[in-house]
1. Students often forget the sequence filter, so: which aspartates and glutamates lie under 13 Å Cα-Cα from Lys510 once same-chain residues fewer than 8 apart are removed?
2. Considering every Cα-Cα pair within the chain, what fraction, in whole percent, is farther apart than 42 Å?
3. Fully extended, how many nm does the chain gain between Leu276 and Asp80 (0.36 nm per residue separation, minus their Cα-Cα distance)?
4. For a quick check of your reading of the filter: which GluC sites (Glu not before Pro) in the stretch 431-494 sit in a DSSP loop and have no more than 14 other Cβ atoms within 10 Å?
5. Roughly how large, in nm² to one decimal, is the mean projection of the convex hull of the alpha-carbon atoms in the stretch 483-545?
6. Given H placed 1.01 Å from N in the peptide plane, which residues other than close sequence neighbours of Gly18 have an amide H under 5 Å from its amide H?
7. What number does the stretch 93-290 give for Rg over Rh if you use C-alpha atoms and the Kirkwood radius?
8. Find out how many positive minus negative residues lie around Ala239, taking Lys and Arg as positive, Asp and Glu as negative, among other residues whose Cβ is under 11 Å from that of Ala239.
Amino acid sequence: MIGKTLGNRYVVLEEIGGGGMAVVYKARCTLLNRIVAIKVLRSEYSHDENFVMRFRREAQAAASLSHPNIVNIYDVGQEDGIYYIVMEYVEGKTLKELIRQEAPLSPSKVIEIAKQICDALECAHKNKIVHRDIKPHNIIITPEGMVKVTDFGIARASTGSTITNTGGLIGSAHYLSPEQARGGFVDERSDIYSLGVLLYEALTGRVPFDGDSPVAVALKHIQEEPKLISQLIPGFPLALEKIVMKCISKSPDERFQKVSELKRELTKAEKNLEVLNFKPSELEKTMILESEHLKKPVLKSQEKGRKESPNFLRGLAVALMLVILFAAFSYLGMVIARKYFYVPEVMVPNVIGYSEEEAIRKLQEKGLKAEVIDRVFSDEPAGQVIDQEPKGGTVVKINHPPIGLIVSKGPKTQGVPRLIGLTEIDAINLIESNKFKVGERKEEYSDEYPEGVVIDQNPREGLQVPEGTEISYVVSLGPREKKINVPLLIGKDLEEARKELENNKLNLGKVDFKSSDAKKNTVIDQDPKPGAEIKEQDAVNLIVSSGPPEVKRVNISIPLPAQPPEFTVKIEITDELGTRVVYNKRHTPEDSPLVVPIEGVGSIKVRIWIDDVLYSEENLRG
């Protein structure tokens, strides 16, 4: 596995741990550039539906929880027959390692660890999830003292009714509650029992019950009472001992009913001076360690050189006779029991794929009861049975406990994150980290958002949609070439007009001066006209008043022709005020030279007509 890439993003770096069902690796997420832990189901179990279901259940159970004291689940996947869960990578050591190195731990340290475990369990219990495998191996403690609860591999909804699986015990026998050992009803109080065993071990360095086999240990949980901590550690604080012993009461009704109650009592004990000041002596630590390794006494019959006596042979014969009698009575009892107490057996039908109602009906037809023990998110339709315990084809007695059904809640929905305002890369990372798919990509111009930023999305932010839904988005191309409406400059002073153009990111173009009745340096016309659309930095041409026109008065002398005897003289002028006729009368040659006064503005062009024929033309300058 080292060097392998899972899910196109998780590069496996090294193996960091493992258990009977899975191996844990350290890996790097190339997409988010962070270190993660990946739990991989062992290859020998990848084809076993029971183990695969347990593995998936761990991801589903833990992924539904969010708490600082619970290891986060980031992703889950399957690739080439490899089933894996991507988790938060936590630096630190397990509580089991700490107990082996330092036990017995001080009460203050144990209480601080226990309170954080209580916080994690309270979060799980509020979400109707029972961990069912609380033990020191599943508690990680960081160098900063933060507690992280992990391994929800056999966690189930609080309605779960059994811990048996194909005849074997699930969970660690040393930390099983009596009801788990019996295969009975399991709820939050079962976790409190396991936590009590964990506290007992941390405070004493040994578990309350031990044996040669898991079954022997389980029987002790059901039948025997543990030694008081004060019997193992003289002078141990009574207040703390009462809390631990209440946790490991045989009856769930005699334990704390909620972890919040347990935490409250631990907080009180933490302030108790007897607890604060108590520290196990080195002598007590040595006694506890030695008690774990005491040798069993040697039977005298095993002593070297022991000779058998006639009394010994006589005792052997009596013992043999008793064994034969016991076997005979046992056989007779078995025959009677089979006759009067025999319960018929039936094969459990396979109801996976049926609706919840139809599955219950099919089981009832076989004389079996059904119970929904969990409802989980899945790709199957809501209300469909996706797993059962025991499996279809298993032979059970008709008085078997209810067949456990796991029913789909349909695809898991999640709120759509806000993408608008993010860069495209950040938006894609956010889509994928929230278990959605990247949908259609579009581009549009935007005056509000710079190039490369998401300006729209579909579905909208906050909408609850199934995981795996495609989220489409629109990326900004930046602003279009900006158009500006030409401001009204007519009537403004030339300098004022220049500043107005600068404020609108426009340039001043050609400026022509023209006399007018307007005040000098006042804009009297512009091009383009006000309101026209032009681009930034385009030029606007202005016509500016040079002030009121100056009137010129001149007399022109016109020599008249000798012929004809009578004719018409017409005088036309063109100046800044335009072209106009200023004189038009009949004359004779005797009127020569004709003197006519002329008035004009600026340059004056004079045209003289005799009987509508151009007679002369000249420009008069001031």
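1. Leaving aside aspartates and glutamates fewer than 8 places away in the same chain, those within reach of Lys510 are Asp525, Asp527, Asp538.
2. Working: 107450 of 193131 pairs.
Of all Cα-Cα distances in the chain, 56 percent exceed 42 Å.
3. Numbers: separation 196, 0.36 × 196 = 70.56 nm, distance 5.47 nm.
That works out to 65.1 nm of additional length.
4. Working: sites: Glu432, Glu440, Glu443, Glu444, Glu448, Glu451, Glu461, Glu467, Glu470, Glu481; in loops: Glu448, Glu451, Glu461, Glu467, Glu481.
Listed in order of number, the matching sites are Glu448, Glu451, Glu461, Glu467, Glu481.
5. Values: hull surface 13.8 nm².
The Cα convex hull of the stretch 483-545, projected and averaged over all directions, gives 3.5 nm².
6. Val24
7. On the way: Rg = 15.8 Å, Rh = 16.8 Å.
Looking at the stretch 93-290, the ratio lands at 0.94.
8. Working: positive: Lys242, Lys268, Lys271; negative: Glu241, Glu265, Glu270, Glu274.
After counting each charged neighbour, the total is -1.
Read-outs: derived from the displayed coordinates by stated rules, not from any lab. On a predicted model such as this, the values are computed, not experimentally measured, just so you know. Here Cβ is always computed from backbone atoms with ideal geometry, including for glycine, and neighbour counts include all displayed protein chains.
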